[in-house]
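The values are calculated or read from the model by the stated rules, or taken from the named source; none is laboratory data. This is a predicted model, so every value here is computed, not measured. Please note: Cβ atoms are built from the backbone with ideal geometry, for glycine as well, and neighbour counts cover all protein chains shown.
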Amino acid sequence: MQNSRYLVHVDMDAFFAAIEQRDNPKLLGLPVVVGADPKKGKGRGVVSTGSYEARKFGIHSAMPISFAYQRCPQAVFLPVDMEKYAKVSKQIYGIFEKFTPSIEPVGIDEAFLDITGSFHLFGGPLESCRLLKERIKKETQLTASLGLAPTKMAAKIASDLRKPDGLVEVTKEGLLDFLWPLPVEKIWGLGKKSKVAFAECGIKTIGDLARRDMRDIVSLFGKNGEYFWNLAWGRDDRLLQEEAQAKSISNETTFERDTADTDTITGALLALCEKVSQRLRAQGLKARTVTLKVRLKGFDTYTRAVTLQKATNFADIINKETRRLYGNLNVSEKKIRLIGVKVSNFIPADVRDSLFVDTSDEKKEKIHDAIDKIKGKFGENIIHRAASRI
């Protein structure tokens, strides 16, 4: 087993819903659902977050919003306010930095921290976690659940055991005692097919897996079998990816009604391309690969992608490529439920990937910079291209 490390997994409790309840005390104690408009059970889209009161009705993230309404029509349904949530997230990450410089962002409401080199400043590993929770609650009026463990997988599992406002410590000496009674599906990275295969072999717990001969597991799962078997024995020496960068940036929209109207679809595409372009530029990136996602009325879903000769973060170029991909799909007469745009295969925005300087790019850069500044000062909806519709 690896040398002693002290890793912390921080998971904010019902983050979006908790912020809304904090900002509007009248919502405290009520089932709050943040996500798409339910339209009295006929809405499209999904649940982003449900408060713990809403979860008692079986409502969970990614559930169709219509299902959530059916389970709890008396819930308070609120739209996603990502700008507000991002500001709170930035505040929380600022608190993390007061405890350690070693941080792996996992999401807007979740992160791994390595406090191995800093816990002595706060009275010990567990005391560091207590102080971190107190600081988050004092500065944001929100609660977080923490898992402290010598491995990333154990820290992740531990943070989920006593939600909300929980703190679970797993020591190096007690790691196997902690892991082995747990269901085998708690193992990090285990897919649905692997779960079924383990069940067929009579492997129900992580301990069951650890006690099997590794060669038998490898014969079933190949290299993944060895990986799972080592995790079951607490062997997990993965380091934090402190410079973790998104592998892709995407935006999508679900139409209120399935539509085959060309103007509606192309207008939505342009709006999505603008959003993706702005996010690329905000992160100082350009993308080489553009992907279009189209979901039809019957839930058949198609994706098409193109890799560009020259990376870009210009909305008009991204839009040109998505329009071309859409045209090649030949679904113009079919009704569409959802459409999305994704970019990936990033390079830094200041890196030139062409020997030639395109003067038109310089003009586009100035236009995009101007638009970014206007939106940054006055808000997202203050300016957009004429055909943009979402």
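Among residues of region 85-107 that are without any contact (Cβ under 8 Å) to a residue 24 or more places away in the chain and in the same structural domain as residue 125 (by TED's automatic domain parsing), those with a Cβ under 9 angstrom from a residue that is hydroxyl-bearing (Ser, Thr, Tyr) and assigned to a helix (DSSP H, G or I), sequence gap 6+ or separate chain, pair up as 100/128; 107/89.
Listed by first and then second residue, the pairs with beta-carbon distance under 7 Å, at least 6 apart or on different chains, first residue in region 342-354 and of a type in the set (Asp, Glu), second modelled with pLDDT of 70 or more, are 353/310; 353/311; 353/347.
To keep it simple, each residue is scored yes or no on (1) among the acidic types (Asp, Glu); (2) under 30 Å from residue 8 (Cα atoms); (3) buried (at least 16 other Cβ atoms within 10 Å of the Cβ).
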{"position": "241", "(1), (2), (3)": "no, yes, no"}
{"position": "250", "(1), (2), (3)": "no, yes, yes"}
{"position": "259", "(1), (2), (3)": "no, no, yes"}
{"position": "262", "(1), (2), (3)": "no, no, no"}
{"position": "273", "(1), (2), (3)": "no, no, yes"}
